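Written out below as structure tokens is the structure these notes cover.
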Amino acid sequence: MQVKIEKSWGDALHDEFGKPYFAELVRFLHKEKAAGKTIYPPGPAIFKAFELTPADKVKVVILGQDPYPGQGQAMGLSFSVPANIPAPPSLRNIFKEIEDDLGIRMSGCPDLRKWAEQGVLLLNSSLTVQAGMPNSHSRIGWTEFTDAVIRWLSDNREGIVFLLWGNYARNKKVLIDTSRHHVLEAAHPSPLARGAFSGCRHFSRTNEILMSEGLSPIDWQL
């Protein structure tokens, strides 16, 4: 796996790429591919979140757990799938909340790249997954890497809004200096949460916070 990453992130994470765990992670992925296993997302998309949202442009972080394991779904952005793929249930619930919260109409397009380009870091805790096997790469080193990403943002930036949905994401709050940043917590948008995500109003609240920080709001409409 060749790591191609936007320069600001390359500078920020230079030390992480040189650590033994990251070399082992890369070796693991090469070995799995050599064994004929299908890994998602495709290699060029593994670091897509970092490519679209430079380190110095991050205004919001939406933390997911790992990429979608279905064919054609994973594109390197948490909760996002390509425009030609049906929106998964969690994303449909996110869109419903945006409509209810902001009083706007969503097109249903599941490609969230427009958010990423406005400064929303769509970060999965694990950046790869084996086809058909959710959480299959949760213990190969990715969490160490993405925890370092969160810590770097916490230590080197100010005023970022972290959206932590579900218990897994909420457990990452310990990595964030809440005296420097804003943390909004809610249930996961998955249907398994039985509608508990509904009414969190995280999208309007995020924009209110950003404007209070003197930053432009996110245009959530797709």
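Some observations on this one:
- In the set GLY10, GLY108, GLY76, only one residue is surrounded by fewer than 18 Cβ atoms within 10 Å (Cβ to Cβ), in a loop (DSSP other than H, G, I, E, B) and of a type in the set (Gly, Ala, Ser); that residue is GLY108.
- Cross-chain or 6+ apart pairs with Cβ under 8 Å, segment 117-137 first and over 20 Å from VAL61 (Cα atoms), then assigned to a loop (DSSP other than H, G, I, E, B) and open to solvent by 50 Å² or more (accessible area, probe 1.4 Å): VAL129/ASN135; GLN130/LYS37; GLN130/THR38; ALA131/LYS37; ALA131/THR38; ALA131/GLN71; ASN135/GLN65
- When residues of segment 22-37 are limited to those that are surrounded by fewer than 13 Cβ atoms within 10 Å (Cβ to Cβ) and in contact (Cβ under 8 Å) with a residue 24 or more places away in the chain, the one nearest to SER126 (Cα to Cα): GLU24
- Residue count, segment 112-135 (criterion: part of a loop (DSSP other than H, G, I, E, B) and either farther than 30 Å from ALA34 by Cβ or in contact with a His (Cβ under 9 Å, 6 or more places away or on another chain) (or both)): 7
- The one condition in (1) under 15 Å from the mean Cα position of the chain (by Cα); (2) surrounded by fewer than 19 Cβ atoms within 10 Å (Cβ to Cβ) that LEU122 fails to fulfil: (2)
- Residue count for segment 206-222 satisfying the condition of being at pLDDT below 95 and part of a helix (DSSP H, G or I): 0.
- In segment 142-177, of all residues being open to solvent by 10 Å² or more (accessible area, probe 1.4 Å) and of a type in the set (Val, Ile, Thr), the one that is farthest from the chain's Cα centre (by Cα) corresponds to VAL174.
- The one condition in (1) open to solvent by 30 Å² or more (accessible area, probe 1.4 Å); (2) assigned to a helix (DSSP H, G or I); (3) acidic (Asp, Glu) that GLU97 fails to fulfil: (1)
- Condition broken by TYR68, with the remaining ones in (1) assigned to a helix (DSSP H, G or I); (2) modelled with pLDDT of 95 or more satisfied: (1)
- Residue identified as open to solvent by 10 Å² or more (accessible area, probe 1.4 Å), touching a strand residue (DSSP E or B) at 6+ places or on another chain (Cβ under 6 Å) and either under 30 Å from LYS31 (Cα atoms) or of a type outside the set (Lys, Arg) (or both) among PRO89, PRO69: PRO69
- Residue satisfying all of: in segment 178-205; at positive phi and at pLDDT 95 or above; surrounded by the fewest Cβ atoms within 10 Å (Cβ to Cβ) among these: GLY199
- Residue under evaluation ALA83, criteria (1) closer than 20 Å to GLU213 by Cβ; (2) without any contact (Cβ under 8 Å) to a residue 40 or more places away in the chain, criterion not met: (1)
- Of the set (1) surrounded by fewer than 21 Cβ atoms within 10 Å (Cβ to Cβ); (2) of a type in the set (Gly, Ala, Ser); (3) touching a Gly at 6+ places or on another chain (Cβ under 9 Å), all apply to SER138 but (3).
- Residue in segment 45-62 that is out of contact with any helix residue (DSSP H, G or I) (no Cβ under 8 Å at 6 or more places or on another chain), without any contact (Cβ under 8 Å) to a residue 60 or more places away in the chain and either open to solvent by less than 30 Å² (accessible area, probe 1.4 Å) or among the hydrophobic types (A, V, I, L, M, F, W, C) (or both) present: yes
The values are calculated or read from the model by the stated rules, or taken from the named source; none is laboratory data. Remember, predicted model here, so these are calculated numbers, not experimental data. All Cβ positions, even for glycine, are placed from backbone atoms using ideal geometry, and neighbour counts span all protein chains on display. These area figures cover heavy atoms from the full protein model, side chains too; ligands, DNA and RNA do not enter into them. Shrake-Rupley method; radii C 1.70, N 1.55, O 1.52, S 1.80 Å.
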